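Student: Mind looking over this structure? Questions follow.
The values are calculated or read from the model by the stated rules, or taken from the named source; none is laboratory data. Note that the structure is predicted; figures quoted are calculated from it, not measured. All Cβ positions, even for glycine, are placed from backbone atoms using ideal geometry, and neighbour counts span all protein chains on display.
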Amino acid sequence: MENANRIVWADVLRLIAILMVIGIHCSDPFNVSPEARLNPEYNLWGSLYGAFLRPCVPLFVMLTGMLLLPVKQDIGPFYRKRMLRVLVPFVVWSLLYNLFPWITGVLGLDSSVLSAMFAYAGEQPSQTFESSLRNILMIPFNFNTYTVPLWYIYMLIGLYLYMPFFSAWLKEATEKHIRIFLGLWCLTLFLPYCQEYISDYVGGTCAWNDFGILYYFAGFSGYLLLGHYLKDKKSLFGKYTVALSLACLAAGYALTYFGFRQMTAQPGITERQTELFFLYCSPQVLLMTAAWYCLVQRVRIKSPRVVAALAHITRCGLGIYMIHYFIVGIGYLVIDQMGVSIALRIPATALFVFLVSWGLVALLYRICPQVAKWVMG
């Protein structure tokens, strides 16, 4: 249930999104490890789970739009509050992840430790200080193989920068305006498929212009607006809401899974083609994301203990996100040693990683709350 202080279903949705994003990173070894290349069963389960978990990031963005749009603060206070909460942990964890390879070398550990902990590190990753320093100097520009989850923070910072200006429009927009924007945004979700199957350049784009007809309606801002729009529409389709949501979830999942399998079965495909049906801004992922959002809106929880636990997870959420990638490789090795079947390794690893990450973040909040506030967000 919702109480005076919290929107409990939003905490439930955030927990689902956290578990999903951890699950996606736990599925990485199933797609890029030596076992995946030798055993088709690894790739099968990596595809099955990977397709199901794609709504994770869009759900985070919809929650951001639902909770923060329209922005009610002046631009200065809004930036100070939101940016500091994200930027400081982002810098701290970017440094920790990028220094970690060098630290393992100083400790005399073999580089295979890095390959085991980070799925995209390669077979012989560098452990030199020069390599770590180069990655650190690149932090203002982009993430790397050791900071893969932090791509989301770059995007989130961009949304925060954009939100006060977007809100100025939203405060004046009618529901008709919002629906038109969302309709045009939905069209942009098909552009990657137009580029793959029709033409490399669509809507006026070319070698010297990346900004086509629908560029200004594209990206994660659509999920931001959709979260705001659906906030108070718990029964969007009346008594058919649950049935339609489940149908959209099933259809979106089927399109994502079979599209991904069909694409990756082709030899010599590019990285972009590999990810085509896994793109977050795609029509099939939108179907799954909107379905989860509408279903969880109907959740009612009466247990004060569960409500308190969900609130605590929300408080620790950014910290869990920041630290979990350190734990993924360890979790994979632990679950592997336990002899868990291949079919269950991804959810088992994700649960292990979540519990360890939550425990570590909660411990830091307990023993040193001021440090945790800046390091964990």
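Student: Scanning the stretch 365-377 for residues that are farther than 16 Å from Phe326 by Cα and of a type in the set (A, V, I, L, M), which turns out surrounded by the fewest Cβ atoms within 10 Å (Cβ to Cβ)?
Tutor: Restricting to residues being farther than 16 Å from Phe326 by Cα and of a type in the set (A, V, I, L, M), the top hit is Ile367.
Student: Tell me which helices (runs of 4 or more DSSP H) are completely within the stretch 38-139 and hold 1 or more residues being over 28 Å from Val334 (Cβ atoms), or say none if there are none.
Tutor: Output list reads 56-68, 75-106, 129-137.
Student: Same structure again: For the list (1) assigned to a helix (DSSP H, G or I); (2) closer than 17 Å to Tyr49 by Cα; (3) not small (Gly, Ala, Ser), I need the number of the one condition that Val340 fails.
Tutor: Failing condition for Val340: (1).
Student: Moving on to the next point. So Ser94 fits all but one of (1) surrounded by fewer than 17 Cβ atoms within 10 Å (Cβ to Cβ); (2) touching a residue at least 24 places away in the same chain (Cβ under 8 Å); what number is the exception?
Tutor: The number of the failed condition is (1).
Student: Let me ask something else. For the stretch 205-215, name all the residues that are assigned to a loop (DSSP other than H, G, I, E, B) and of a type in the set (A, V, I, L, M, F, W, C).
Tutor: To start, the set of residues in the stretch 205-215 that are assigned to a loop (DSSP other than H, G, I, E, B) comprises 205, 207-208, 210-214.
Correct list: Ala207, Trp208, Phe211, Ile213, Leu214.
Student: Can you tell me which residue within the stretch 216-226, out of those that are assigned to a helix (DSSP H, G or I) and touching a helix residue (DSSP H, G or I) at 6+ places or on another chain (Cβ under 8 Å), is surrounded by the most Cβ atoms within 10 Å (Cβ to Cβ)?
Tutor: Selected residue: Tyr223.
Student: Does the stretch 294-311 include one or more residues that are within 17 Å of the chain's Cα centre (by Cα), within 21 Å of Val61 (Cβ to Cβ) and either part of a helix (DSSP H, G or I) or among the hydrophobic types (A, V, I, L, M, F, W, C) (or both)?
Tutor: No, because not a single residue in the stretch 294-311 is within 17 Å of the chain's Cα centre (by Cα), within 21 Å of Val61 (Cβ to Cβ) and either part of a helix (DSSP H, G or I) or among the hydrophobic types (A, V, I, L, M, F, W, C) (or both).
Student: So, one more: How many residues, within the stretch 163-204, are assigned to a loop (DSSP other than H, G, I, E, B), closer than 23 Å to Gln284 by Cβ and of a type in the set (S, T, N, Q)? Working first, answer last.
Tutor: Filtering the stretch 163-204 for residues assigned to a loop (DSSP other than H, G, I, E, B) gives 173-174, 189-190, 198-204.
Still in the list and also closer than 23 Å to Gln284 by Cβ: 189-190, 198-200, 202-203.
Still in the running and of a type in the set (S, T, N, Q): 199.
Of the residues in that region, 1 qualify.
Student: Output the residue which, of all residues in the stretch 255-271 that are loosely packed, with under 14 Cβ neighbours inside 10 Å and either of a type in the set (Lys, Arg) or not in a loop (DSSP other than H, G, I, E, B) (or both), is nearest to the chain's Cα centre (by Cα).
Tutor: For the stretch 255-271, the residue satisfying everything is Glu271.
So that you can scan it fast, the table gives a plain yes or no per residue for (1) modelled with pLDDT of 95 or more; (2) buried (at least 16 other Cβ atoms within 10 Å of the Cβ); (3) over 24 Å from Leu150 (Cβ atoms):
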position: Tyr280; (1), (2), (3): yes, yes, no
position: Arg300; (1), (2), (3): no, no, yes
position: Val328; (1), (2), (3): no, yes, no
position: Ser341; (1), (2), (3): no, no, yes
position: Ala348; (1), (2), (3): yes, yes, yes
position: Ser357; (1), (2), (3): yes, yes, no
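Student: Output the residues belonging to the stretch 321-367 that are touching a helix residue (DSSP H, G or I) at 6+ places or on another chain (Cβ under 6 Å) and hydroxyl-bearing (Ser, Thr, Tyr).
Tutor: Tyr325, Tyr332, Thr349, Ser357, Tyr365
Student: Provide a single number: the residues in the stretch 227-241 that are at pLDDT below 90 and assigned to a helix (DSSP H, G or I). Working first, answer last.
Tutor: Looking only at the stretch 227-241, we keep the residues that are at pLDDT below 90, and these are 231-241.
Still in the running and assigned to a helix (DSSP H, G or I): 238-241.
Residues that pass the stated criteria total 4.
Student: Also, I was wondering about something else. Considering only residues that are without any contact (Cβ under 8 Å) to a residue 12 or more places away in the chain and surrounded by 14 or more Cβ atoms within 10 Å (Cβ to Cβ), which ones fall in the stretch 97-128?
Tutor: The answer is Val113, Ser115.
Student: Looking only at residues in the stretch 75-91 that are without any contact (Cβ under 8 Å) to a residue 60 or more places away in the chain and more than 16 Å from Tyr154 (Cβ to Cβ), which one is nearest to the chain's Cα centre (by Cα)?
Tutor: Taking the candidates together, the pick is Leu84.
Student: Of all residues in the stretch 132-167, which are small (Gly, Ala, Ser) and either in contact with a strand residue (DSSP E or B) (Cβ under 7 Å, 6 or more places away or on another chain) or exposed (fewer than 15 other Cβ atoms within 10 Å of the Cβ) (or both)?
Tutor: The first filter runs over the stretch 132-167 and keeps only residues small (Gly, Ala, Ser), leaving 132, 158, 167.
Matches in the stretch 132-167: Gly158 only.
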